[in-house]
Each structure stands twice: as C-alpha cells, then as structure tokens.
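A.B. asks: Supplied in structure tokens, the structure appears directly below.
Every number here is computed from the coordinates shown, using simple stated rules; none is lab data. What you see is a predicted model; the values in this text were computed from it and never measured. FYI the Cβ positions are ideal-geometry reconstructions off the backbone, even for glycines, and counts take in every protein chain you see.
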Amino acid sequence: MIRIDIIKDKLKDIPILKVADELGITHKGKSAWCFMHDDKNPSLGFNTSKNTWKCYVCDKGGDQVTLVMEKLALSYIDACKWLADRFNIIIPEDDGYRRRVIVKKSVVQAKPKTKYTNSPVDVEMISWIVSHAQLSDIAVDFLYKQRKYKPMVVENLRIGSISDSTKLINALVKTFGIERTIKSGIVRQNMRGLYLFFCTPCLIFPYSDISGNIVNMQTRYLGTDKNVPRFQFLPNSSTGLFNMAIVNSISVDEKLFVSEGITDCIALLSSGRNAVAIPSATLLNDADIKTLAPKNLFMYPDKDEAGERLYKNLSEKLNVYGSMIMRLQLPEGCKDFSDYYLRQISENG
Ligand SMILES: [Zn+2]
C-alpha cells in the first residue's frame with residue numbers, strides 16, 4: 001500500500017506543463033489541444049501557478065493526477081504511481097510495519113528537467129533510428145494485412161518500427177553516447193534506469209521537409225495496452241505536415257490531397273494519389289500553408305464535425321494566399337479515406 005495522502009502532497013509540486021510534456025500533450029505556452037474531444041482550437045488551458053488544467057469545452061479539469069488519469073485512463077493510485085515514476089519520486093514498497101514515502105526533494109523542487117523537453121530535435125539521431133528501424137512482424141501485419149498499404153509507399157516514406165526498446169537504447173548509447181542520448185529526449189532516465197520515451201512496439205513515421213531531410217518523427221503504438229497514447233511526438237517538438245517532400249516532386253497541375261492524420265495519407269498514397277497529412281492535434285503553421293497554396297489541392301474531409309472544421313480552417317488559411325482547396329465527398333458509409341480505401345480494395349478483390 002502507498003500513503004496517497006503523503007505522496008500527493010509531493011506530486012503537487014510537479015509543474016503541470018511538465019506533466020503535459022510527459023504525457024505527450026502538445027501545448028503552446030499555457031494552452032493545448034484537448035485530448036478528450038476533437039479539438040481544432042486549443043481549448044485546454046493550464047494554470048501554471050496553481051498547477052491545474054481545464055478544458056472549457058469538456059468542462060473537465062483538475063490537478064496533475066487527474067490529468068494523468070484522464071489522458072492514460074488510469075485509476076487515481078495508478079496515476080500517482082505513474083507521476084512518481086516519471087518524476088523520480090521514490091515510493092518504497094510497504095514494509096509491513098510503517099509506511100513511509102521518501103521523496104527525492106531535489107528532483108521535484110529543483111528546476112524541472114528542461115533538458116528533456118526544450119532541446120531541439122536531434123535530427124541526426126532520428127535519422128539514425130529511421131535507417132535502422134526494420135519492420136517487425138507486427139508492423140508488417142499492421143501495414144500490409146490490416147491497412148493494405150502498398151509496400152512501395154511504405155518504403156518511400158521510410159516507415160520503420162521499434163519492437164525491442166532495450167536493444168534500441170543500447171544501440172543509441174553506443175552510437176551517440178549516454179549524455180546525448182538522454183538529451184535528445186528519445187531516451188529517458190529514472191530510478192530504474194533508461195527507458196524509451198515512445199511506447200513500444202510502435203511504428204516510426206519520419207517527417208521530412210520539402211527537400212526530403214528528416215526533421216522529426218512520430219510513432220504509432222502497435223501494442224494492446226489501452227492506457228498508452230496511440231500517436232506520440234517528442235514533447236515540444238514542432239511539427240509540420242507529413243510527407244512534405246512530395247510537394248517538390250509534383251507539378252502545379254497534379255492533384256495534391258491533404259488528409260487529417262497520417263494513416264489516411266498513407267491510404268491516399270497507396271491509392272495512387274499524391275498526399276500530405278496534417279497530424280492530429282497540430283496547428284496549421286503558416287509556412288506549410290504558404291508551401292501548399294500554389295498547389296492543386298483536394299481533400300476528403302472526415303465525416304464528422306472535426307473533419308468539417310479542419311476543412312473550413314484550411315480553406316480559410318489558404319484563402320489568405322489567394323488559394324483554395326477542392327472538397328470531395330466520401331461515399332455513404334465511409335467515415336474517412338482509410339475506410340473508403342479498404343472498401344475499394346475488398347470490392348476489387
Ligand atoms: Zn475538451
């Protein structure tokens with residue numbers, strides 16, 4: 001048993017934004033895109049002096065523990081344990097006689113470890129991971145059997161996977177040294193040793209700029225644990241559109257589709273279309289809009305409110321540059337392009 005009243009007292013000092021970072025919640029300053037509803041404008045606010053959060057749309061909020069509970073669907077106690085683990089707060093097992101909670105004060109009160117979250121993305125390390133991340137059996141199963149993506153598309157996008165996190169950590173430490181590996185934010189350290197920021201097993205989606213240089217990566221969890229986030233970016237890494245390299249390789253007359261999320265983008269590419277993706281919960285930045293504006297743009301908005309909003313938002317932003325995006329309608333019964341793609345494949349054998 002753990003004396004939650006005592007541990008909670010210590011957890012309340014953890015800066016709420018650091019908790020958000022640990023949870024992989026993308027935020028801009030004190031606001032974030034709510035992870036509980038389809039949020040296209042940041043409606044989740046953080047109060048950094050009280051260490052609280054609140055979504056004004058969902059009307060939900062609370063402290064660090066409730067943020068973890070909501071995000072990871074954990075019980076109160078498990079959320080406390082998760083926080084203690086991530087912020088190096090030691091909770092000894094019950095000694096059967098007297099419960100004690102020892103907290104490494106220096107860790108909590110000493111400035112939050114900005115080295116994890118504010119360092120620029122280590123592009124070289126990400127490129128190394130991408131070039132060494134062979135597709136595992138479950139990745140192959142997901143990409144080709146379940147999603148029916150075309151192997152050439154997967155290869156061109158340099159999609160990889162991580163299945164053995166220990167092996168990867170060891171390889172990174174060997175190649176880049178421990179200090180740089182930890183500084184990258186990809187590998188983290190707690191009482192028990194080193195662990196990977198990304199939940200594994202997972203796919204790796206490299207993000208490139210229009211010249212094809214890798215600038216970031218996103219993972220998609222492939223395991224069965226319902227308590228871990230499905231898609232993850234490194235905390236505080238700024239993210240543009242996915243597959244931007246395609247922009248330079250097509251003429252202005254060719255159609256370019258813009259999708260909501262990576263998986264629809266890969267389905268679009270597999271169907272023979274050109275596509276870029278707006279990763280979920282990401283603000284459309286002006287540089288990307290400007291790059292897209294001269295293109296012959298198309299979109300199949302998802303058949304939900306969020307899809308409509310994204311289309312509208314994108315249209316408005318393109319309008320500023322005198323550009324537009326053509327809206328296409330998904331057939332009845334298809335909620336997004338991935339649905340439509342799979343249906344077409346099954347119909348055509
Ligand atoms: Zn909300």
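A.B. asks: Given the C-alpha centroids of region 59-91 and region 225-294, what is the distance between them in whole angstrom?
C.D. replies: About 32 Å separates the Cα centre of region 59-91 from the one of region 225-294.
A.B. asks: Give a quick list of trypsin sites (Lys or Arg not before Pro) in region 139-224 that DSSP marks as loop, anything other than H, G, I, E or B, with at most 13 other Cβ atoms within 10 Å.
C.D. replies: Here the trypsin sites (Lys or Arg not before Pro) that fit, given the DSSP loop and packing criteria, are Arg192.
A.B. asks: Within a Cβ distance under 11 Å of Cys199, other residues only, what is the Lys/Arg minus Asp/Glu net charge? The partial results should precede the final answer.
C.D. replies: Working: positive: Arg220, Arg230; negative: Asp225.
Taking every Cβ under 11 Å from that of Cys199, the sum is +1.
A.B. asks: Also: Among the trypsin sites (Lys or Arg not before Pro) within region 225-258, which fall in a DSSP loop and have no more than 16 other Cβ atoms within 10 Å of their own Cβ? Walk me through the intermediate numbers first.
C.D. replies: Details: sites: Lys226, Arg230, Lys255; in loops: Lys226, Arg230.
Qualifying residues, ordered by number: Lys226, Arg230.
A.B. asks: Provide the gained length on full extension for the span Ile210 to Arg192, in nm with one decimal, where the gain is 0.36 nm per separating residue minus the Cα-Cα distance.
C.D. replies: On the way: separation 18, 0.36 × 18 = 6.48 nm, distance 4.05 nm.
The span from Ile210 to Arg192 would gain 2.4 nm if fully extended.
A.B. asks: What do you get for chymotrypsin sites (Phe, Trp or Tyr not before Pro) in region 1-78 restricted to DSSP loop and a cutoff of at most 14 other Cβ within 10 Å of the site's Cβ? Write down the numbers at each step before the final one.
C.D. replies: Values: sites: Trp33, Phe35, Phe46, Trp53, Tyr56, Tyr76; in loops: Trp33, Phe35, Tyr56.
Filter output for region 1-78: Tyr56.
A.B. asks: Summing +1 for each Lys or Arg and -1 for each Asp or Glu, what net charge is found among the other residues whose Cβ lies under 14 Å from the Cβ of Leu269?
C.D. replies: Residues close to Leu269 contribute a combined charge of +3.
A.B. asks: What's the magnitude of the charge dipole for the chain around its Cα centre, counting Lys and Arg as +1 and Asp and Glu as -1 at the beta-carbon? Answer in Debye, nearest 20. Walk me through the intermediate numbers first.
C.D. replies: Working: 47 positive and 39 negative charges, 236 e Å.
With only Lys, Arg, Asp and Glu charged at Cβ, the dipole is about 1140 debye.
A.B. asks: Can you work out the FRET efficiency for the pair Asp59 and Met326, with r the C-beta to C-beta distance and R0 = 41 Å, to the nearest 0.05? The partial results should precede the final answer.
C.D. replies: Working: r = 37 Å, r/R0 = 0.90.
Taking R0 as 41 Å, the efficiency between Asp59 and Met326 is 0.65.
A.B. asks: What whole-number distance in Å separates the alpha-carbon centres of region 311-349 and region 149-170?
C.D. replies: After rounding, the separation between the Cα centres reads 27 Å.
A.B. asks: Another question, if that's okay. Specify the longest stretch of the chain that does not include any exposed loop site, a site being one of the GluC sites (Glu not before Pro) with a non-H, G, I, E, B DSSP assignment and at most 12 other Cβ atoms within 10 Å. Before the final figure, lay out the partial values.
C.D. replies: Working: sites that count: Glu93, Glu254, Glu332.
Longest stretch, sites excluded: 94-253.
A.B. asks: Set Lys and Arg Cβ to +1 and Asp and Glu Cβ to -1, take the dipole of the chain about its Cα centre, and tell me which of Ser31, Leu17, Val252 lies farthest positive.
C.D. replies: About the Cα centre, the residue reaching furthest to the positive side is Leu17.
A.B. asks: Using the Cα gyration tensor of the chain, with a ≥ b ≥ c the square roots of its eigenvalues, what is the shape: rounded (a/c below 1.5), prolate (a/b larger than b/c) or oblate (neither)?
C.D. replies: Details: a/c = 1.95, a/b = 1.62, b/c = 1.20.
Verdict is prolate for the chain.
A.B. asks: Along its three principal axes, how long is region 123-233 when you only count alpha carbons? Whole Å, largest extent first please.
C.D. replies: The principal-axis extents, from largest down, are 41, 36, 20 Å.
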